[in-house]
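Single-structure report; data block below.
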Amino acid sequence: MRPVVNRDTVPSTSESPIEMRDLQTLTSMKEFHADLHIHTCLSPCAEAEMAPAAIARMARVRGLDIIGICDHNSAENVAAAVRAGRKEEVFVVPGIEITSREEVHILGLFHTEADALDVQALVYESLAGENDEIAFGTQLVVDEWDRMAGTSNRLLIGATELTLEDVVGAIHRHGGLAIASHIDRQGFGIIGQLGFVPPELELDALEVSPRSPFKEWESYRVITSSDAHVLEDIGRSRTSFFTRGASLDE
């Protein structure tokens with residue numbers, strides 16, 4: 001990912017070949033708008049309207065190129081979201097938001113649906129309890145056309161037995177990016193729970209709100225996302241990337 005190139009300051013062709021190759025790379029970059037933290041109707045705190053096709057349509061309306069689907073402790077709606085995104089020409093990053101034993105939320109973003117589901121299997125092994133639909137609502141599994149395919153009775157709102165190190169390690173073993181969620185929020189943020197970001201924890205980025213003092217986290221990569229649980233919130237906070245294409249590799 002690269003910063004914006006000011007074409008008024010582009011060097012002349014008398015620059016060295018290496019510098020010109022760098023320039024060609026920079027000028028081939030495109031700006032992509034991303035909201036990498038969106039919940040579907042599978043998450044116990046999300047509204048039923050948060051079905052994959054509806055999310056993809058709203059993402060397109062809001063001018064998003066990339067979205068991340070990150071339900072609490074589950075990736076069962078990821079495949080449907082990926083297919084719904086293709087129809088709207090929105091690139092969907094398979095993801096999951098894992099609650100660690102310390103009750104800290106960590107986003108895992110992956111190259112493939114299979115990677116997300118492999119990590120989900122590990123999460124499910126470490127997640128106790130059953131959902132209380134009266135207290136937390138029905139956890140809906142749906143298809144790419146937003147038709148109900150089933151429900152999950154797992155306690156997705158709960159904490160796993162995985163430590164922060166376990167969570168980050170599992171994400172990395174499956175080729176993913178580990179991002180600490182909404183760190184400047186009291187509930188389930190790493191600072192709210194621990195009081196600091198452990199320097200030995202190999203996080204790839206921190207997610208902060210737009211109002212957060214970014215300079216405070218200048219030693220980390222930083223993103224901002226909506227953490228949308230209702231359609232109206234999709235894209236309200238976003239991150240712009242300058243890259244050659246919409247992919248996790250970039």
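Here the extension length gained between Glu216 and Glu200 equals 4.0 nm, from 0.36 nm per residue of separation less the Cα-Cα distance.
When both bridge partners sit in region 19-136, DSSP labels roughly 45% of those beta bridges antiparallel.
Among 159-167, 133-141, 62-70, the peptide with the highest mean count of other Cβ atoms within 10 Å heads the list, and the full ranking is 62-70, 159-167, 133-141. For Tyr220, nonlocal amide neighbours, meaning residues 5 or more places apart or on other chains whose placed amide H falls under 5 Å from its own, do not occur.
About its Cα centre, the chain has a charge dipole of approximately 820 debye under the convention of +1 per Lys or Arg Cβ and -1 per Asp or Glu Cβ, with nothing else charged. Electrostatic bookkeeping for Ala128 treats Lys and Arg as +1 and Asp and Glu as -1; over the other residues with beta carbon under 11 Å from its beta carbon, the sum is -2. Averaging over all projection directions, the Cα-based convex hull of the chain occupies 14.6 nm² in the image plane. Each other residue within a Cβ distance under 10 Å of Ile191 adds +1 if Lys or Arg and -1 if Asp or Glu, for a net charge of 0.
Among Tyr220, Tyr124, the order by Cβ neighbours within 10 angstrom, fewest to most, reads Tyr124, Tyr220. Computed from backbone phi, the HN-Hα couplings of region 153-160 come to 9, 6, 7, 5, 7, x, 8, 7 Hz, rounded to whole numbers (Karplus: 6.51 cos²θ - 1.76 cosθ + 1.60, θ = phi - 60°; Gly and Pro given as x). Amide hydrogen proximity for Ser225: with H placed 1.01 Å from N in the peptide plane, the residues at 5 or more positions away or on another chain lying under 5 Å are Val208.
Mean residue ellipticity, 222 nm, helices only, the chain: the sum of -39500 (n - 2.57) across DSSP H runs of n ≥ 4, divided by residue count and rounded to 500, is -7000 deg cm²/dmol. If a spin label sat at a point 7 angstrom from the Cα of Val230 along the line to its beta carbon, the backbone N atoms of region 116-154 nearer than 20 Å would be those of 135-140. 3J(HN,Hα) along region 189-205, derived from phi through the Karplus expression 6.51 cos²θ - 1.76 cosθ + 1.60 where θ = phi - 60°, amounts to x, 5, 6, x, 8, 9, x, 6, 9, x, x, 7, 6, 7, 6, 8, 6 Hz, with x in place of Gly and Pro. Across every pair of non-identical alpha carbons in region 168-218, the mean reciprocal distance, once inverted, gives a Kirkwood radius of 11.6 Å. Given region 94-177, what whole percent of its Cα pairs are spread farther than 23 Å? Result for the distance tail: 25 percent. The string of couplings for region 57-72 from the Karplus curve (6.51, -1.76, 1.60, θ = phi - 60°) is 5, 5, 4, 5, 4, 7, x, 8, 9, 9, 9, x, 9, 9, 7, 5 Hz, one whole number per residue in order, with x for Gly and Pro. The base-10 log of I(q)/I(0) for region 22-107, evaluated at q = 0.15, 0.22, 0.25 Å⁻¹, reads -0.56, -0.96, -1.15 [Debye formula, identical scatterers on Cα atoms, solvent excluded].
Note on region 144-250: the C-alpha convex hull projects to 9.4 nm² when averaged across all orientations.
A short reminder: the numbers here are calculations on the coordinates, not readings from a lab. Because the structure is a prediction, the values reported are computed rather than measured. Glycine gets a Cβ as well: all are built from the backbone with ideal geometry, and neighbour counts include every protein chain shown.
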